[in-house]
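First up is the structure itself, then whatever we jot down about it.
The values are calculated or read from the model by the stated rules, or taken from the named source; none is laboratory data. Only a predicted model underlies this, so the values are computations on that prediction, with no experimental measurement involved. Here the Cβ is made from the backbone with ideal geometry for all residues, glycine too, and neighbour counts use every protein chain on show. Keep in mind that these areas ignore ligands, DNA and RNA; they rest on the heavy atoms of the full protein, side chains included. Shrake-Rupley method; radii C 1.70, N 1.55, O 1.52, S 1.80 Å.
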Amino acid sequence: MADRVVNFFVENLLQLLSDNVELIKGVDDDFKLLLEEVKRLKAFLDDAAKFHSDSNQWEQLVQDIQRMVFKAEDVIDKFLVQAKLHRDKNKVGRFFDVSHLATVRALAAEIKAIHEKVKKLREDNKDAFQPKPVLELPKKGNELTQGPSLEDDEVVGFDEEANKVIKRLFEGPAESLDIVPVVGMPGLGKTTLARKIYNDFKLSYEFFSIIWVYIGQSYKIKDIFLNILKFFTKRIEDHLNDDVDTLANVISVYMSKGGRCLIVLDDVWEAIVIDYVKKVFPENKKGHRIMMTTRDGYLATYANPDPHNLKFLTPQESFELLVKRVFGNGSCPDELVGLGEKIAGSCDGVPLAVVVIAGALRGRPNKSDWQRVQKNVAQHLYKNSQESCLKFVQMSYDRLPQEVQTCFLYCGIFPRGFDIASWKLIRMWIAEGLIKPQQTYTLEEIAELHLNDLVNRNLLILMQKRSDGQIKACRLHDMLHEFCRKEATNKWLFHEICKTPDNVIPSIQDQDTSRRLCSEPSVLYDFLSTKPFAEHVRSFYCFSSKQKQIELSPNDIKLIHKAFPLIRVLDVESLKFLFSKDFNQLFHLRYIAISGDFKSLPPTFGKFWNLQTLILNTSTSEPTIDVKEEIWNMLELRHLHTNIPAKLPSPTTTTGKASCLQTLSMVSPESCKKDVLAKACNLKKLGIRGQMAVFLETRGGISNLEELKCLEHLKLLNDALYMNKSLHLPPAFFRLVRTVKKLTLANTKFPWSEADRLGQLESLEVLKLKENAFMGDTWRPEVGGFSQLQVLWIERAELETWEASNLCFPILSHLVLVSCDKLNAVPLGLADIPNLHEMKLDNTSKAVKSAKEILERKTSKNIKFKFSMFPPETESKATQ
């Protein structure tokens, strides 16, 4: 961690020297001297990272280095704030506080002294620093465009277990509620088994509703009920103020209208959860079921005297799992089979241990690497299975590149059992300075490589994929979460605000261990009541799985602004936020994620010269959120995410540096003026929502897209209010969006005759046609189009006849049809597309017969093909 902290420090100095040259005239020599000393120190630490020492003296020295860097970092950041304030007041550099200059000079001398001390220590203790065996990383090659190579539900050794549990779910009491608990030690695969069963298509034949709810230790009954209710209604906000009894009744009414229901409760810790969830089931004699996972045997028998005890893997199953996780669909080389069997056998049948060890072996086919791992596995076998698994995690962790290690530990800031949105995690890694720039890739691309690496090494669980196969959401296994929290605390990466056993909020005044703070909402009130003030804090997070925002008093919210004057990362989306004078002084902010009743973005945001990511979720009733012209002063802003369209102003000047904006998640059509898009010429993702006629049919609307030479993702979302007006795709559209890889259309009601022209887009890989994107009853795409299309999604279309051959979509791999209830058939010619391996039909019942014919053609050729449908057919229909 020490070298990463020094990198933060170097970045600050470089920023001061390059962006604020006019402010440091007369003192730049002092800063250059300090910069050179820090660079020397960083070079030493980079070199030292290649070695290992168990010396307590070395550990103490590393901590001394970190403390000094933290101290220097605080002074530089405060200096930058002063520089900003002086510049705003039109003052010049020679009036800066002399005491700060003296402090900087003293720090340069102190860092130089530490550098000499470290150098002498190494020279005097050469024998203590032996080379640390670090396996070389495989070349990433084209991994940038590839998602995780393993199916997220692919499990070895669980088929028999899954069949046993499914049989119990099917064959239990015909009319009464039955609970099937799955119990086992941590790491044995309870959640993995439950997820495998949850995704099994056979369940859809028996159950009308199948609902997954994560519980965990910090559950709230109301949150559990709201998560169940989300399955039945999208208007969840209508029930946020209901009490638990009312919610139970509402759920029961919904259930009584449908068929048999299965609720899966993952990670249950207390009996009260079971008692409450049982209340939501109506007494309608339909044989509803609960499946639950728990590590508590007593709790399992409370739910059902005959729980399902999850077995350990056999040595053969352990080896099969190891091979699957290391080599994917490949086989284990003969020379590694013996070592692999020993490694797998040493894991004592615990799947998590096998999976984590496989992460250390993945991409490393050298026999010497396997021998080293096999030796270490044997060393880490202890009677305490949980401690043993943590040692396995340590082995995989030690073999990560240093930068990826920090990214992995950082995932521990999220609560246990939290589904982490990949795009958000990537933005946070960048804002924290955890991603090192490289010439070949952008910071976002490098971060995505790291994320894929962690998933492929089985250190993060893949929860959901995007339509293009990339990671959409991930999660830390409970045990890995515990490892990250412990290791991060030891390395001073972040600190969790939590009460002590005697119900006291500990101090955050330790300037070394409390640089980043994460808090659960339940302790936030007590924490803010202490009126904290900590200049050393750089990040503050408050995450919540609740459906309702936490409302603090305005004074409590303002305390957050005052408490952390040098903060860089602020993620408090779970709170109802408001702005204040103190918030406007947080000049170091790089990442902001907030929610509240915002009608506009205050002009003061233009002062945040470091801001990279801005996430705004507003509850305003206004159709748009107004953004002031000061946004163009934020030259580092890369991503603007809003939940309603942002209304962007024209820049005050068309000259000067182009904006760094890569993402505008949602803007109004009126915002897409020529001068706006010219300023945001680096955009890769653009979402436009509103009256699309304004954008498509007025001169200077669609043609302005010519300013965007890097555009890859485009969304055109016509508001339902304007659906009566017929729209057409202008010819210029196809010329202007040739770089677009992913296109989403909704409520545009273009005629299907114009859909063929989308096939001219030679870069198009993903096409989502949602909610009446096209109108008409027939689509006959031409042969030779859509040459690069891999994913086709059609939703809520009036389509009745669709005629196409494999030559119309030559490399299509995924087809999704949602609520196309008039569609008579899926074109049988699609069965001849070699790449097509997944098809999903949701409320598209007329086309099921043809879809099954495609399935039969694929399976007859021994081609792996995944077909799913909803609602499921009844047992009698399925056998016809």
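Looking across Ser544, Ser595, one residue alone is touching a strand residue (DSSP E or B) at 6+ places or on another chain (Cβ under 8 Å), at pLDDT 90 or above and polar (S, T, N, Q). It is Ser595.
For the subset of segment 674-708 comprising residues that are out of contact with any Ser or Thr (no Cβ under 6 Å at 6 or more places or on another chain) and among the charged types (D, E, K, R), which member is farthest from Lys628 (Cα to Cα)? Checked segment 674-708; the qualifying residue farthest from Lys628 (Cα to Cα) is Glu697. The set of residues in segment 228-248 being modelled with pLDDT of 90 or more and either touching a His at 6+ places or on another chain (Cβ under 6 Å) or not in a loop (DSSP other than H, G, I, E, B) (or both) consists of Ile228, Leu229, Val244, Asp245, Thr246, Leu247, Ala248.
Looking at the structure I just gave you, is Phe579 farther than 16 Å from Met666 by Cβ, open to solvent by less than 30 Å² (accessible area, probe 1.4 Å) and at pLDDT below 90?
On the way: farther than 16 Å from Met666 by Cβ: yes; open to solvent by less than 30 Å² (accessible area, probe 1.4 Å): no; at pLDDT below 90: yes.
Against the criterion (farther than 16 Å from Met666 by Cβ, open to solvent by less than 30 Å² (accessible area, probe 1.4 Å) and at pLDDT below 90), Phe579 does not qualify.
Counting the residues of segment 612-647 that are part of a loop (DSSP other than H, G, I, E, B) and touching a Leu at 6+ places or on another chain (Cβ under 8 Å) gives 7. The C-beta contact set for segment 810-823 (first residue free of Cβ contacts under 8 Å to residues at least 12 places away in the same chain, second residue of a type outside the set (Ser, Thr, Tyr), distance under 7 angstrom, 6+ apart or interchain) is empty.
The single residue among Gly606, Gly656 that is of a type in the set (Gly, Ala, Ser) and either open to solvent by less than 40 Å² (accessible area, probe 1.4 Å) or in contact (Cβ under 8 Å) with a residue 12 or more places away in the chain (or both) turns out to be Gly606.
Within segment 486-510, residues that are closer than 17 Å to Leu528 by Cα have Cβ atoms under 7 Å from residues that are of a type in the set (Ser, Thr, Tyr) in these pairs: His495/Thr489; His495/Thr513; His495/Ser514; Ile497/Ser519; Ile505/Thr530; Pro506/Thr500; Ile508/Ser514, counting only partners at least 6 apart in sequence or on another chain.
Pairs meeting the criteria (first residue in segment 763-778 and closer than 18 Å to Lys685 by Cα and touching a residue at least 60 places away in the same chain (Cβ under 8 Å), second residue of a type in the set (Asp, Glu) and assigned to a strand (DSSP E or B), beta carbons under 7 Å, at least 6 apart or on different chains) are lacking. Within segment 331-354, the set of residues being open to solvent by 10 Å² or more (accessible area, probe 1.4 Å), modelled with pLDDT under 80 and assigned to a helix (DSSP H, G or I) comprises just one member, Leu352. The set of residues in segment 619-641 that are of a type in the set (Val, Ile, Thr) and under 20 Å from Lys607 (Cα atoms) comprises Ile625, Val627, Ile631. When Ser659 is tested against the conditions (1) part of a helix (DSSP H, G or I); (2) within 33 Å of the chain's Cα centre (by Cα); (3) not acidic (Asp, Glu), the lone failure is (1).
Inside segment 679-698, can you point out the residues that are assigned to a helix (DSSP H, G or I) and open to solvent by less than 40 Å² (accessible area, probe 1.4 Å)?
To start, the set of residues in segment 679-698 that are assigned to a helix (DSSP H, G or I) comprises 679, 692-697.
Across segment 679-698, the qualifying residues are Lys679, Met692, Ala693, Phe695, Leu696.
If you take the residues in segment 398-425 that are among the polar types (S, T, N, Q) and touching a residue at least 60 places away in the same chain (Cβ under 8 Å), which one is most open to solvent (accessible area, probe 1.4 Å)? Top of the filtered list is Gln402.
Hey, among Gln394, Gln374, which residue is within 17 Å of Ala488 (Cα to Cα), at pLDDT below 90 and open to solvent by 10 Å² or more (accessible area, probe 1.4 Å)? Only one candidate qualifies: Gln394. In this structure, Ile251 qualifies as in a helix (DSSP H, G or I), open to solvent by less than 60 Å² (accessible area, probe 1.4 Å) and hydrophobic (A, V, I, L, M, F, W, C).
When the residues of segment 660-687 are narrowed to those that are among the β-branched types (Val, Ile, Thr) and at pLDDT 95 or above, which ends up nearest to Pro645 (Cα to Cα)? This residue is Val667.
Restricting to segment 615-628, give me the number of residues that are under 26 Å from the mean Cα position of the chain (by Cα) and more than 21 Å from Glu551 (Cα to Cα). Give the derivation first.
Of all residues in segment 615-628, those under 26 Å from the mean Cα position of the chain (by Cα) come to 615-619, 625.
Keeping just the survivors that are more than 21 Å from Glu551 (Cα to Cα) gives 625.
Total meeting the criteria: 1.
Scanning segment 208-226 for residues that are touching a strand residue (DSSP E or B) at 6+ places or on another chain (Cβ under 7 Å) and over 16 Å from Asp243 (Cβ atoms) turns up Phe208, Ser209, Ile210, Ile211, Trp212, Val213, Tyr214, Ile215. Yes or no: Glu622 under 24 Å from Asp77 (Cβ atoms), of a type in the set (D, E, K, R) and open to solvent by 10 Å² or more (accessible area, probe 1.4 Å)? Answer is no for this residue.
Residue by residue, here is whether (1) assigned to a strand (DSSP E or B); (2) among the acidic types (Asp, Glu); (3) surrounded by 15 or more Cβ atoms within 10 Å (Cβ to Cβ); (4) at pLDDT 85 or above holds:
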position	(1), (2), (3), (4)
Gly829	no, no, yes, yes
Leu841	yes, no, yes, yes
Ala847	no, no, yes, yes
Ser850	no, no, yes, yes
Ile863	no, no, no, no
Pro872	no, no, yes, no
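Going by the conditions given, is Gln386 part of a helix (DSSP H, G or I), at pLDDT 65 or above and of a type in the set (S, T, N, Q)? Spell out the reasoning first.
Working: part of a helix (DSSP H, G or I): yes; at pLDDT 65 or above: no; of a type in the set (S, T, N, Q): yes.
Criteria not met by Gln386.
Of all the residues that make up segment 275-304, how many are surrounded by fewer than 20 Cβ atoms within 10 Å (Cβ to Cβ) and in a helix (DSSP H, G or I)? The qualifying residues number 8.
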